[in-house]
1. Looking at A65, A132, A137, can you tell me which residue is in contact with a Phe, Trp or Tyr (Cβ under 7 Å, 6 or more places away or on another chain) and hydrophobic (A, V, I, L, M, F, W, C)?
2. Are any of the residues in region 112-120 open to solvent by less than 30 Å² (accessible area, probe 1.4 Å) and touching a Phe, Trp or Tyr at 6+ places or on another chain (Cβ under 8 Å)?
3. Does any residue of region 43-64 turn out to be within 12 Å of the chain's Cα centre (by Cα), part of a loop (DSSP other than H, G, I, E, B) and within 18 Å of T114 (Cα to Cα)?
4. Enumerate the pairs (first residue in region 27-42 and touching a residue at least 40 places away in the same chain (Cβ under 8 Å) and open to solvent by less than 10 Å² (accessible area, probe 1.4 Å); second residue anywhere and β-branched (V, I, T) and not in a strand (DSSP E or B)) with beta-carbon separation below 8 Å, excluding pairs fewer than 6 apart on the same chain, so at least 6 apart or on different chains.
5. In region 141-155, what residues are without any contact (Cβ under 8 Å) to a residue 40 or more places away in the chain and on the phi > 0 side of the Ramachandran plot?
6. Name the single residue that is farthest from M103 (Cα to Cα) among those in region 69-87 being aliphatic (A, V, I, L, M) and in contact with a Leu (Cβ under 9 Å, 6 or more places away or on another chain).
7. Please enumerate the residues belonging to region 66-80 that are surrounded by fewer than 19 Cβ atoms within 10 Å (Cβ to Cβ) and under 12 Å from I154 (Cβ atoms).
8. Return the residue satisfying two criteria in turn: it lies in region 101-111 and is among the aliphatic types (A, V, I, L, M) and in contact (Cβ under 8 Å) with a residue 40 or more places away in the chain, and of such residues it is surrounded by the fewest Cβ atoms within 10 Å (Cβ to Cβ).
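The values are calculated or read from the model by the stated rules, or taken from the named source; none is laboratory data. Owing to the predicted nature of the structure, the values given are computational and were not obtained by experimental measurement. Every residue, glycine as well, gets a Cβ built from its backbone with ideal geometry; the counts of neighbours run over all protein chains shown. Heavy atoms of the whole protein, side chains included, go into the accessibility calculation; ligands, DNA and RNA do not. Shrake-Rupley method; radii C 1.70, N 1.55, O 1.52, S 1.80 Å.
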Amino acid sequence: MLNIPQKPLRLRKSGKTETRTQFAALCYRIKNDKVQVCLITSRGTGRWVLPKGWPMDKKTPAEAAAIEAWEEAGLTGHAHSQCIGVYSYIKPLSKTPVPIVAMVYPVHVQAVHTTWPERHERKRKWFGRKKAASKVAEPALRDLILNFDPKHLIG
């Protein structure tokens, strides 16, 4: 597999109801030789989700995912440039629900911070892969988490 470096994005304006893209961080660590995945609660419903957000001008998708991991979960580490998969969901933005495609980038967590921008708005919790997969609503995300193996990452 080739490791082609990502280039920063140049954003254009999109319509409010067309399919939009977000970049998600699958934050992981190895503890006692087991992979653990960090999930956070969403602000609106309290569901367990990955940190994710909109594309950022002049940032690569992996850099944007790493920024979301910091802002939403208080986690910093190495963001891999390899997208490990996508999942979709419907985001209830104002009155019109918007279809979202989320591209998932692994972030190998090296620091767990006690203070971060959204610490009062979300909960953060570490799970084994099986338990984390059982907590998320989206079937494609469930499969991504269950099948995630950091040994296969490049970049």
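1. None of the other options fit; the residue is A65.
2. Scanning region 112-120, I find at least one residue that is open to solvent by less than 30 Å² (accessible area, probe 1.4 Å) and touching a Phe, Trp or Tyr at 6+ places or on another chain (Cβ under 8 Å), so the answer is yes.
3. yes
4. Correct list of pairs: V37/I145; L39/V136.
5. Listed by number, the list is empty, since nothing qualifies.
6. A73
7. none
8. V101
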